[in-house]
1. Within segment 147-165, is even one residue among the aromatic types (Phe, Trp, Tyr) and modelled with pLDDT under 95?
2. Could you check segment 99-149 and list, in sequence order, the residues that are surrounded by fewer than 18 Cβ atoms within 10 Å (Cβ to Cβ) and closer than 20 Å to LYS168 by Cα?
3. Being over 30 Å from THR143 (Cα atoms) and surrounded by 20 or more Cβ atoms within 10 Å (Cβ to Cβ) is the filter here, so list the residues in segment 227-246 that pass it.
4. Give me the pairs, please: first residue somewhere in segment 126-144 and free of Cβ contacts under 8 Å to residues at least 12 places away in the same chain, second residue anywhere and among the aromatic types (Phe, Trp, Tyr) and open to solvent by less than 40 Å² (accessible area, probe 1.4 Å), beta-carbon distance under 8 Å, and either six or more positions apart or on two chains.
5. Condition (residue is closer than 21 Å to VAL83 by Cβ and of a type in the set (D, E, K, R)) applied to segment 137-148: is it met by at least one residue?
6. Of all residues in segment 169-187 being charged (D, E, K, R) and surrounded by fewer than 16 Cβ atoms within 10 Å (Cβ to Cβ), which is farthest from ARG149 (Cα to Cα)?
7. Just name the residue that is modelled with the lowest pLDDT out of those in segment 47-77 that are open to solvent by 40 Å² or more (accessible area, probe 1.4 Å) and at negative phi.
Amino acid sequence: MRGTHIRHRRGVLVSLIVAVLVVGVTVTTVVALRTGDDEPVAPGAAPAGLGRRPWQVTLDVNQTSGYVVTASVTDGDRQTLTVQNLGLGSSPDGTYGGEVTAFSPGTLDESQFRGAEQIDDLRYLKAFSFAGHTVGETEPWQTPAVGRRDPSGTWIVVYADTSRAKDKITRADLLRLAAAVTLGSPRDLRLPLRLGVRMPKGLELTYLRSPDHRIDRGETAVGFSTGSRAPSGAAVYNGLPGGLEVAVLTAARDANWERKRAALTGRTQVGKLPAWYEPRGRLIVEAEHCVVTVESLFPRRELDALIGELTIGDCADPDSWIPPLS
């Protein structure tokens with residue numbers, strides 16, 4: 001395992017990476033996931049829709065709208081942003097403002113919006129239906145929502161998870177958020193790791209979660225599955241979606257980790273780093289500035305090999321994060 005830890009300002013990150021790579025020093029997290037042979041497997045290079053790659057989003061919110069994105073998720077051909085409303089609450093960071101999901105052309109049942117209230121190009125529904133609220137739920141979940149069909153055929157749906165909202169999110173709030181949503185060119189999501197040219201054999205990168213650690217201190221995550229895995233039908237969910245074969249999560253070494261580490265069993269070692277292994281598919285490794293967790297039912301030797309090829313950055317310094325693939 002290799003790694004250097006250099007703090008960067010976001011505006012000069014790319015040029016610094018290039019300059020350092022020229023002199024042969026790795027500054028980013030690199031993951032090379034080996035297959036059963038020595039031949040590299042293409043790292044999910046096919047676009048995920050609208051020219052978007054699996055680690056990219058085309059969704060965004062207007063920066064002058066009073067909303068800020070706190071987490072970005074790609075799940076197959078679906079994208080979701082969680083946003084904070086800076087105009088609500090007493091904190092300068094505001095409070096929870098809602099969710100924005102983009103459904104690629106042909107993946108949403110548009111009939112739900114046929115009887116919706118029309119406001120300009122927006123459509124308001126009192127009860128938009130998702131397959132479930134969280135992963136594993138079988139009962140449909142209904143919530144007020146605002147939808148808009150982009151000229152590209154992508155449907156943008158704005159809604160709120162009422163279990164997370166401290167303040168009531170009204171129809172007017174949803175309409176205001178929907179008006180602030182943009183759909184543009186693909187932009188990279190950033191993590192404290194970079195993936196190499198190898199993927200687990202037969203698998204592709206199909207899931208990624210990138211939080212804004214100024215507000216959302218949740219784990220970053222990348223997940224691998226077959227390319228045929230459908231996105232989760234749930235509206236919002238904590239944790240990983242179903243159907244992933246391998247997931248790599250990273251978190252900062254903070255007070256929460258200190259408490260969690262004291263309760264871990266299965267102490268082992270990977271390379272020269274302390275680790276903990278749970279036979280049912282979890283390997284946790286403590287690096288200098290990150291805690292890396294691999295969740296998979298792959299054999300232990302394959303998890304060790306995966307961890308052994310990681311070069312990790314600083315999980316507590318989001319300004320140094322980079323796209324997981326180039």
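The values are calculated or read from the model by the stated rules, or taken from the named source; none is laboratory data. Keep in mind it's a predicted model, so treat the numbers as computed, not measured. No Cβ is skipped: glycine too gets one built from the backbone with ideal geometry, and neighbour counts run over all protein chains shown. Surface areas here come from the heavy atoms of the whole protein model, side chains and all, with no ligands, DNA or RNA. Shrake-Rupley method; radii C 1.70, N 1.55, O 1.52, S 1.80 Å.
1. Checked against the condition, which is being among the aromatic types (Phe, Trp, Tyr) and modelled with pLDDT under 95, segment 147-165 yields no hits at all.
2. Those that are surrounded by fewer than 18 Cβ atoms within 10 Å (Cβ to Cβ) and closer than 20 Å to LYS168 by Cα: LYS126, ALA127, SER129, GLN142.
3. VAL246
4. PRO140/PHE130
5. yes
6. ARG187
7. Checked segment 47-77; the qualifying residue modelled with the lowest pLDDT is PRO47.
Table: residues versus (1) under 22 Å from GLY243 (Cα atoms); (2) in contact with a strand residue (DSSP E or B) (Cβ under 7 Å, 6 or more places away or on another chain); (3) without any contact (Cβ under 8 Å) to a residue 40 or more places away in the chain; (4) polar (S, T, N, Q).
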position	(1), (2), (3), (4)
ARG259	no, no, yes, no
ALA262	no, no, yes, no
ALA275	no, yes, yes, no
GLU288	no, no, no, no
GLY313	no, no, no, no
